[in-house]
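Worksheet: the structure to be examined is printed underneath.
Read the figures in this text as sums done on the coordinates, not as results from a lab. Predicted, not measured: the structure shown is a model, and the values here were computed from it. When we count neighbours, we look across all protein chains shown, and the Cβ atoms used for this are built from the backbone with ideal geometry, even at glycine.
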């Protein structure tokens, strides 16, 4: 059984990004918009600022009050869309309930859409004409590459049909010639699907959703779940699945670390355009 | 075993459409663009003109020479986009090799996109925010409704990943809470998937692609294939699958007749906006 290390993969990627940015003399600016003071957002943002800065990106955090109006957020996005110093914009989720995240995030121009959440970028995956891919999805694809996992003809079960993870991931896997089954909360008998899958991706956020009896021997597990149990981070795969896996991403240290690396990947892609 | 009759379903729908158009006094204009003189296109177009005219739609065929430039086709589309008498535009496929169908079809404005091929309309399905749905996909969804086939929690195998049938159909079925497996030419062991499916949709165009041994008892079969064998129209399902089906769409007389009805459905939807 091989543990797919997102931490190790990221480390190598960051070195490459740093060299690329220096060598090509890329002047990249990232603006992160945060509304309020959500503690987990603070952690994510701290990481985004740290890693982007380390590779030579000029990153700024724009922190708005919890009770800022949606209109003001929109105005800010429109201003940043026009600012030539800004290569990419991230609207940090979650937002307070009075602001529509999807609506606002989709106002970020396609050319500055680091997260790959714009309609054009999301549709480009569905259309097999990929442009900017959402960071979590791209991170998973990079892990497959890093560990030489060939997707063609593989039976993949993706669990979770969110607009920015499950569905674009399914689209991207179909583009890579995998046979994809998309499961979700209304799926009857999940085990019937996971049991036959060469690769199981869980993006639900439910501890022990996938247990040993639900997977076949030598399956490949990609764990996108992030759950806190007794103060510890765990994924969606129960620990007893590991013994049956040929490859598996741990939590923490699997998909998570890749996401921030893919922000940099997307920023370089946006800058080069 | 119940034969799902697209012909019968269409008949009822056409009566409804006719009444709706009269009652609401809808002034609907359809422009069909044909390039060259493809014989099967001629048949399809003749049908489109016939049925739309019968329900009270003003339909016109604009026939261009086989060697017309792409530029001229684009110019025509742009002109029709602006013409207030035109509710909907169809660019009849196939086009000659020197004209890019996808590119041209996507220039039809979202508001006149009867076929549902525009990026916005296709993405609306992927985004679970459905606008104009491609006619073949919508026709299949209507057949499920007409025969009270509930999709929630059903295991559906869709074979074929085209941009305008397989993929948007998979998206629409996920929106309706089905668990969907999308198979295609690179799928290994198709039978392993179809054998377990409550519903099998084949949109490949290969006679006898699905045989008796590949389906389970009481499966539901949706046959989108149109093949000519010894001068006869046949679908992708072998005849011996019928005895195992609870419901099945025949070829001819199944999905095919619904497509032209959905052109009218979409035209009414576009007109009402």
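By the count of neighbouring beta-carbon atoms within 10 Å, fewest first, B:251, A:158 end up ordered B:251, A:158. For the range A:120-137 versus the range B:14-56, the spacing of their alpha-carbon centroids is 36 Å. Short-range pairs are left out: with C-alpha atoms under 8 Å and at least six residues apart, the relative contact order of chain B is 22 percent.
Cα gyration tensor of the range A:1-44, axes a ≥ b ≥ c as square roots of the eigenvalues: rounded (a/c below 1.5), prolate (a/b > b/c) or oblate? Because a/c hits 1.5 or more and a/b fails to exceed b/c, the range A:1-44 counts as oblate.
Normalised by the number of residues in the range A:123-260, the average gap of Cα pairs under 8 Å and 6 or more apart makes the relative contact order 22 percent.
The mean number of partner chain beta-carbon atoms within 10 angstrom of a residue's beta-carbon across peptide B:174-180 is 6. Label point of residue A:150 (7 Å along Cα→beta-carbon): distances to the other copies' equivalent points are 4.4 nm, sorted ascending. In plain terms, the chain from residue B:67 to residue B:129 could stretch by 18.4 nm, reckoned as 0.36 nm per residue minus the Cα-Cα distance.
Compared with the dominant principal axis of the Cα atoms in chain B, helix B:255-272 is inclined by about 40°. Relative to the current alpha-carbon distance between residue A:22 and residue A:46, full extension at 0.36 nm per residue lengthens the span by 6.3 nm.
Look at where the Cα atoms of the range A:162-204 and of the range B:183-262 average out, and the two centres are 24 Å apart. Normalised by the number of residues in the range B:24-109, the mean separation of alpha-carbon contacts (under 8 Å, six or more apart) gives a relative contact order of 42 percent. Note on chain B: GNM, Cα springs under 10 Å; of B:162, B:41, B:185, the largest mean-square fluctuation is that of B:185. When residue A:185 is represented by a point 7 angstrom out along its Cα-to-C-beta vector, the spacings to that point in the other copies are 3.9 nm, nearest first. Distances between copies at residue B:12, taken between label points 7 Å from Cα along the C-beta direction, are 6.0 nm in increasing order. Over chain A, DSSP H runs of length four or greater, each weighted -39,500 (n - 2.57), average out per residue to a 222 nm ellipticity of -12000 deg cm²/dmol.
Taking the C-alpha atoms only, the angle from helix A:6-23 to the longest principal axis of chain A is near 30 degrees.
The shape of the range B:24-109 comes out oblate: with a ≥ b ≥ c from the C-alpha gyration tensor, a/c is at least 1.5 while a/b does not beat b/c. Taking N as the residue count of the protein assembly as shown, its C-alpha radius of gyration divided by 2.2 N^0.38 Å amounts to 1.04. Peptide B:76-83 has a mean of 0 when you count, residue by residue, the C-beta atoms of other protein chains within 10 Å of its C-beta.
A crude spin-label estimate for the pair residue B:145 and residue B:191, with each label 7 Å from Cα along the Cβ direction, gives 3.8 nm.
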